[in-house]
Each structure stands twice: as structure tokens, then as C-alpha cells.
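Okay, structure first, notes after.
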Amino acid sequence: MKKRNKLKILNDPIYGFITIPNEQIFDLLEHKYFQRLRRISQMGLSYLVYPGAHHTRFHHALGCMYLMQNAVRVLRFKGVSISLEEEDALYAAILLHDIGHGPFSHAMEHSIVNGVSHESISLMFMERINDEFNGSLTLAIQIFKGEYHRNFLYQLISGQLDMDRLDYLKRDSFYTGVAEGNINSERLITMLNVIQDELVVEEKGIYSVEKFLLSRRLMYWQVYLHKTSLVAENLLIRVLKRAKELVEKGTKLKSSKALAFFLENKITATNFTTEVLETFNQLDDYDIVSAMKEWVASDDFVLSHLCKMIIDRDLLKIKVKKKPFQTNKVKKHVNDFKQRYKISEEEARYFIFTGAISNQAYHENKQNINILYKSNKIVDIVRATDQFNLKALSKPVTKYFICYPKYKD
């Protein structure tokens, strides 16, 4: 059998050429669990707002690995010892950190499975691959779970200035065309150091950190929490909720085998077996879109109208404000809709609902971003900066929304 060349180079639109560092990483990239990420969009239904936002979790995972290669190089240059085993484990852990995402990323966590986060599904996938790879991912899993004794390695994967955030802000900014998110990830990485096992940013990097936090705030309001994306994601959650309800009552709905399994069974953390994981791996964006195209013709008023709204991008109206909406306002919309379409209150409430969104760019006292001064003093970014608004960025801002139908008379 011909031996394959496993040290390949990939071309990324943001960073240019990305080198696959070792054979194990190549084998992970080739694995069916990882290949599924090509069919999971990074930003859910945001392409309904930003037409270019069709990039996938596959793109993102590769970008994170590339940034991790840079971080390892920079830290070693500064005298931080990272063994070859730790280096390989870091690459594997960051590559697989999002492997458990369901179709359209976050929408599924509220509808297809009950109370099982994508992080715990990622861990299940990693443990399955580890069995296949004869335990060679054990250290990567330890670091991913934060159980390894060198804390800065965990911070590179999951912290307030981790490779995940450094990639998705830059990548999502590129694909949406929203320039505010275009952070200087290269400079931020160049400014990293490790003191007493904790990740720090050298004093010269303070302005890059300020820009990073500001970009994060702007990207949340402008992109991730964009009101049209918000409506679309809420509609998708309701499509799956309604489909599940109908199937439970005995209605036959056309869908792929994998999607049918999750509609017919109540899957929670307790019954998420290896078999369930294999079925979950069959599930991606295509299952959901093709199901919705079928369900547009459903006899059920709620399901067909919800699907039509997403497929035709004729979404609900949304209003966002700083105070919660009064219940009488919601009630009025519900009554109007009930009468117009002669449906029940329960059905009407699929189209009229309220919710809250929150944005906090920086969490103080949660794995702080610490600035290292030349005097070796270490200070949290909020106290180190002369930017008065960074203090404000560490406070959560909550806004409230109401969604209701547009009427075409």
C-alpha cells in the first residue's frame, strides 16, 4: 500500500499557508468526526444578515491550530519550556475544541438534545478518538479539561485571551465584512509570556488587548447578537421544538434518519451513549435545511409557517430595548394573531415571544487578562489601562427583545 504524505500545507484566506505539524494532526483532520465540521456553519444563520458568513467550524479549528503554533513558537523563544509532548497535545486539544457542535452551532443545544452542552459532546468525541488512537490524546484531554498541572496551557485553549477567540473574531470579521472585529492576533500572540504558570501580556501589548476587548464588544452587538440573526436562531429553535412535539403525538415527518432519531427520542446527558454519539455525528446543517424544505408543505400551521419564514427569509419583526416588554403588549399581539389565523394561544406563542440578550466583553476575576510591566509587576487589564471604558466593558449589558409577525394586508 502506498504511504501517504501526511505533512501537508493548507491555504487559509486569513493566515495564508498553514502547515500540518505532525502525522497525528493529519490523522485527526482526516477523521470522520472532524470532517463533519465542514458541514457545520461557524455562525449559524448569520448568513441571512451577512451573505459572506458561510465559513465553517472546520475553517475555524484550523485557524486556531495555526495560532497555537505561533503561540508555542513565541513562548519557547521567551524561554518558556514546552515539551514536544505538550506541544502535540496543545495542537490536538485546540483542533478538537469545537468538535461537539451540532447543526447551526448553538441553536441545537436548546432543541435537539436536552441540557447537553457542545463542550461535553466535544469531550465524548475526543475520548472516542483517543480509544482509536491508542490513548495518544490522553494529555490533550487533560489539558482541555483543565486538569493538567500547567495552567497556562489550559488558558491558551480556554481563557479570556485564548486562541479560539483570537481566531473567531478575526475570521468572523473577515467573512462578514464587519471591520470592527479585525483584531491584530499576530501582535497579541507576540506579546504573550508566562509568569508563575499564568499567561500574561507584556506591557507593550496593552493597546492590542484594549482593541481586542473593544472588538469583542462590537462584534457581539453588531454580528453575534444582531437582531435579524437573533430572530432566525429563535425561529430555528422553535421549528425543532414544534417538530419534536408533533412527532411525539404520532405525526410522521420527513427527515434524515439521524434527525428522525433525535426527534423521536429524548436525549439527555444520562442516555447519551456511544451509539447516540455516532448518530449525532451523522447530523449537520444539511439535515436541518432539507427537513425544513420538506416541512414547508406540512399540514401543521405552526411548523409550515416557521419553516417558510427561514427558507424564504421572511422573518418575524423584532424590537430591542433596555427594559423588559410588558405582558399586556405580548398578550395583544397573541390575541391579534390568534384571531387572524384562527389558531390556539399555544400555537400563536410560537410566533410571539420575548427574550433577553447580554453582552460582557470582559469578565473580571475569571482568568483575568494580566499585564506584565517591565518592573515585573502584574496588573489586571482593567486597572492597567487608561481607557475609562474598559471598566464598563467588564459589566454585563442586558437588552430585551420581542418578536412578532409582520402582517401583509
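Packing, taken as the mean count of other beta carbons within 10 Å per residue, orders the peptides 292-298, 215-221 from highest to lowest as 215-221, 292-298.
For Val72, neighbours were defined as the other residues whose beta-carbon sits under 12 Å from its Cβ, and their charges (Lys and Arg +1, Asp and Glu -1) total 0. In whole Å, what is the distance between the alpha-carbon centres of the range 308-369 and the range 225-246? Taking the Cα centre of each part, the range 308-369 and the range 225-246 sit 10 Å apart. The portion of the accessible surface of the range 89-242 made up by carbon and sulfur, rounded to a whole percent, is 48 (1.4 Å probe; DNA, RNA and ligands excluded). Please work out which option in (i) 192; (ii) 163; (iii) 139 gives volume of the Cα convex hull per residue in Å³ calculated from these coordinates, and answer with its label. Only one option fits the structure, namely (ii). P(r) for the range 239-358, from all Cα pairs and a bin width of 5 Å, is 2, 9, 17, 18, 17, 14, 12, 7, 3, 0 %, short bins first.
Each part reduced to its alpha carbon centroid, the range 79-95 and the range 163-212 end up 20 Å apart. Straight-line reach from Lys6: which aspartates and glutamates fall under 12 Å, measuring Cα to Cα and dropping same-chain residues less than 8 apart? Of all the aspartates and glutamates, those that pass the test against Lys6 - Cα under 12 Å, at least 8 places apart if same chain - are Glu23, Asp27, Glu30. Over 26 Å between Cα atoms: which of Lys170/Lys204; Lys211/Lys377; Lys249/Lys329; Lys241/Lys332 fall into that group? With Cα atoms farther than 26 Å apart: Lys249/Lys329. Scanning the chain for DSSP H helices at least 24 Å long along the axis (C-alpha atoms) with a Kyte-Doolittle mean no lower than 0.0 picks out 57-77, 227-248.
Over the chain, dividing the summed -39,500 (n - 2.57) contributions of all DSSP H runs of at least 4 residues by the number of residues returns a 222 nm mean residue ellipticity of -14500 deg cm²/dmol. Annotation: Arg383 carries an accessible surface of approximately 140 Å², with a 1.4 Å probe and no ligand, DNA or RNA atoms counted. Counting only lysines at least 8 places from Lys145 when in the same chain, those with an alpha carbon closer than 20 Å to its own are Lys366. So what's Rg/Rh here for the range 319-368, counting alpha carbon atoms and using the Kirkwood radius for Rh? Rg divided by Rh gives 1.26. Surface analysis of the chain yields an accessible area of 47 Å² per residue, using protein heavy atoms and a 1.4 Å probe.
Using only side-chain charges placed at the Cβ, +1 for Lys and Arg and -1 for Asp and Glu, the dipole size of the chain relative to its Cα centre rounds to 1700 debye. Taking the DSSP beta bridges with both ends in the chain, the antiparallel portion is around 85 percent.
The values are calculated or read from the model by the stated rules, or taken from the named source; none is laboratory data. Keep in mind that this is a model prediction, so the values were computed, not measured. Positions of Cβ are generated from backbone atoms using ideal geometry, with glycine treated the same way; all protein chains shown enter the neighbour counts. Calculation scope for accessible area: heavy atoms of the full protein, side chains included, ligands and nucleic acids excluded. Shrake-Rupley method; radii C 1.70, N 1.55, O 1.52, S 1.80 Å.
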